[in-house]
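These notes are about the structure you will find just below.
The values are calculated or read from the model by the stated rules, or taken from the named source; none is laboratory data. The model shown is predicted, which means the values in this text are computed figures rather than measured ones. Note that each Cβ is placed from the backbone with ideal geometry, even for glycine, and that neighbours are counted across all protein chains shown.
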Amino acid sequence: MSIEASLKHSYSLPREQIPATSVEQIEDAERAALTEKITAQLAQQNAVLIAHYYTDPDLQILADATGGYVSDSLDMARFGHASDAKTLIVCGVRFMGETAKILNPEKRILMPDLDANCSLDIGCPADDFAAFCDAHPDHVVVVYANTSAAVKARADWMVTSGSAVDVIQHLTATDQKIIWAPDKYLGDYVQKATAADMLIWPGTCIVHEEFKGRELAALRARHPVAKVLAHPETPATIIAQADLVSSTTGIIKAVTEMNAKEFIVATDKGIFHKLQEAAPDKILIAAPTADKSATCISCGHCPWMAMNSLRKVCQVLTTGDNEIFVAPDIALRARRSIQRLLDFTHDKPASKRAGDA
Ligand code: 13P
Ligand code: SF4
């Protein structure tokens, strides 16, 4: 029986449950006023902004300018853990705020919008996942960072896109059988790279699964010297055409370091801010997100990441709303799986991890 058949129902998010991507439009005068106010509030409250690469450029610029941090999900967690700040404003999606709280129970964690979730997290309900793990007790449980605290609490290891291949290789060296959740495309990619014995949960990222192989091939034909850089959450038809498959940090590094002028990038469009900043002389092209068979035209930008904005950061700093809490028993167990990864990657900053090479 396939995994899909053994599970109770489909874990793909129905179209009607996906919010529309809506980026707040803001005039220059309001941007300047908010930037000034937030900068003062951060200093007064001993707070820092930690933003993911997919969030609004305004937030990324402000995080960089105020001693905060912009990065991938693993390095956001590591920065928050190492920071002396009393409050972390996590601009990203729900699981990033939860991970920050689990690693820093003594810190106040605020998020601009508590509805900022992730289709991978939503598509892996903790009860169903626990039942699936219980049915396969001889498997090591490895979950992607994009999961709830309760799912991490059921896992032996948490991994990120930049560390997944290394961790699975490590487990395979001792012949361990693995349950992988929730991203099936990342799971397939890791399985092929490591030849591991893996049961793969059928979740997807609604942004990355919209990238289309046939359209990418046509685009490559029009740009024959362009290098293709893909996030491992993209489908196999994209991975097969990629010159590099890597985490967000790895993609940015590749654009600066690869000996090429032109790149086709298959990941959330939010990353183009850092790509352009890091390599202003390079030609950057967004990979196509729909072909004739597509049921909708995806915009290639995560609707939940887009919920973060300057206005909302100012609001939570003013009111203290949207604090993240994780039940202590769940936090304790989830921390073990997260800490395993932090210890495993301890001597490997983002620039050195295999997935980022
Ligand atoms: P990274 O770990 O590469 O930042 O990816 C997180 C994510 O949500 C990708 O969609
Ligand atoms: Fe989740 Fe995809 Fe959005 Fe990343 S881009 S937060 S994986 S829905």
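Looking only at helices (runs of 4 or more DSSP H) that lie completely in the range 34-105, which have at least 2 residues being at pLDDT 95 or above?
Numbers: elements: 57-65, 73-82, 94-103.
The helices (runs of 4 or more DSSP H) meeting that bar are 57-65, 94-103.
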Looking at (1) over 21 Å from the mean Cα position of the chain (by Cα); (2) part of a helix (DSSP H, G or I), which one does Leu186 not meet, given that it meets all the others? (1)
Which one is nearest to Leu310 (Cα to Cα), of the residues in the range 36-56 that are buried (at least 17 other Cβ atoms within 10 Å of the Cβ) and more than 16 Å from ligand 1 (Cβ to nearest atom)? Ile38
A careful count of residues in the range 60-70 that are surrounded by 22 or more Cβ atoms within 10 Å (Cβ to Cβ) and within 26 Å of Ser163 (Cα to Cα) gives 4
Criterion (basic (Lys, Arg) and either within 15 Å of ligand 2 (Cβ to nearest atom) or buried (at least 24 other Cβ atoms within 10 Å of the Cβ) (or both)) met by exactly one of Lys152, Lys192, Lys177: Lys152
Verdict on Met96 being aliphatic (A, V, I, L, M), out of contact with any His (no Cβ under 9 Å at 6 or more places or on another chain) and under 21 Å from Asp343 (Cα atoms): no
Taking the criterion of being of a type outside the set (D, E, K, R) and touching a Phe, Trp or Tyr at 6+ places or on another chain (Cβ under 7 Å), would at least one residue in the range 89-104 satisfy it? yes
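Which residues, taken from the range 203-228, are within 16 Å of ligand 1 (Cβ to nearest atom) and over 19 Å from Cys299 (Cβ atoms)?
As a first pass, look at the range 203-228 and keep what is within 16 Å of ligand 1 (Cβ to nearest atom): 203-211.
Scanning the range 203-228 gives a single hit, Gly203.
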Check Ala286, Ala266 and return the single one that is buried (at least 19 other Cβ atoms within 10 Å of the Cβ), under 20 Å from Leu219 (Cβ atoms) and modelled with pLDDT of 95 or more. Ala266
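When the range 123-149 is examined, which residues are found to be part of a loop (DSSP other than H, G, I, E, B), surrounded by fewer than 23 Cβ atoms within 10 Å (Cβ to Cβ) and either within 16 Å of ligand 2 (Cβ to nearest atom) or within 22 Å of the chain's Cα centre (by Cα) (or both)? Let's see the steps before the verdict.
Restricting attention to the range 123-149, the residues satisfying the condition of being part of a loop (DSSP other than H, G, I, E, B) are 123-125, 135-138, 145-148.
Still in the list and also surrounded by fewer than 23 Cβ atoms within 10 Å (Cβ to Cβ): 125, 135-138.
Pro125 - this is the single residue of the range 123-149 that is part of a loop (DSSP other than H, G, I, E, B), surrounded by fewer than 23 Cβ atoms within 10 Å (Cβ to Cβ) and either within 16 Å of ligand 2 (Cβ to nearest atom) or within 22 Å of the chain's Cα centre (by Cα) (or both).
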So, in the range 111-122, exactly how many residues are crowded, with 24+ Cβ neighbours inside 10 Å and under 23 Å from Gln41 (Cβ atoms)? 3
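Criterion first (β-branched (Val, Ile, Thr) and touching a Gly at 6+ places or on another chain (Cβ under 6 Å)) does Val165 satisfy it? Outline the logic, then answer.
Working: β-branched (Val, Ile, Thr): yes; touching a Gly at 6+ places or on another chain (Cβ under 6 Å): yes.
Spelling it out, Val165 is indeed β-branched (Val, Ile, Thr) and touching a Gly at 6+ places or on another chain (Cβ under 6 Å).
Hey, among the residues in the range 93-110 that are of a type in the set (A, V, I, L, M, F, W, C) and crowded, with 22+ Cβ neighbours inside 10 Å, which one's nearest to ligand 1 (Cβ to nearest atom)?
At the first step, the residues of the range 93-110 found to be of a type in the set (A, V, I, L, M, F, W, C) are 93, 95-96, 100, 102-103, 109-110.
Those left that are additionally crowded, with 22+ Cβ neighbours inside 10 Å: 93, 95-96, 100, 102, 109-110.
Numbers: Val93: 7, Phe95: 8, Met96: 8, Ala100: 14, Ile102: 16, Ile109: 18, Leu110: 20 Å.
If we take residues in the range 93-110 being of a type in the set (A, V, I, L, M, F, W, C) and crowded, with 22+ Cβ neighbours inside 10 Å, then Val93 is nearest to ligand 1 (Cβ to nearest atom).
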Which numbered condition Leu120 misses (of (1) under 19 Å from Leu332 (Cα atoms); (2) within 16 Å of ligand 2 (Cβ to nearest atom); (3) of a type outside the set (Val, Ile, Thr); (4) assigned to a helix (DSSP H, G or I)): (1)
Pairs with Cβ under 6 Å, 6+ apart, first in the range 133-150 and small (Gly, Ala, Ser) and modelled with pLDDT of 95 or more, second surrounded by 19 or more Cβ atoms within 10 Å (Cβ to Cβ) and part of a helix (DSSP H, G or I): Ala145/Ser73; Ser148/Asp121; Ala149/Glu98; Ala149/Ile330; Ala149/Ala334; Ala150/Ile330
With the checklist (1) modelled with pLDDT of 75 or more; (2) within 18 Å of the chain's Cα centre (by Cα) in hand, flag the one item Gln315 doesn't pass. (2)
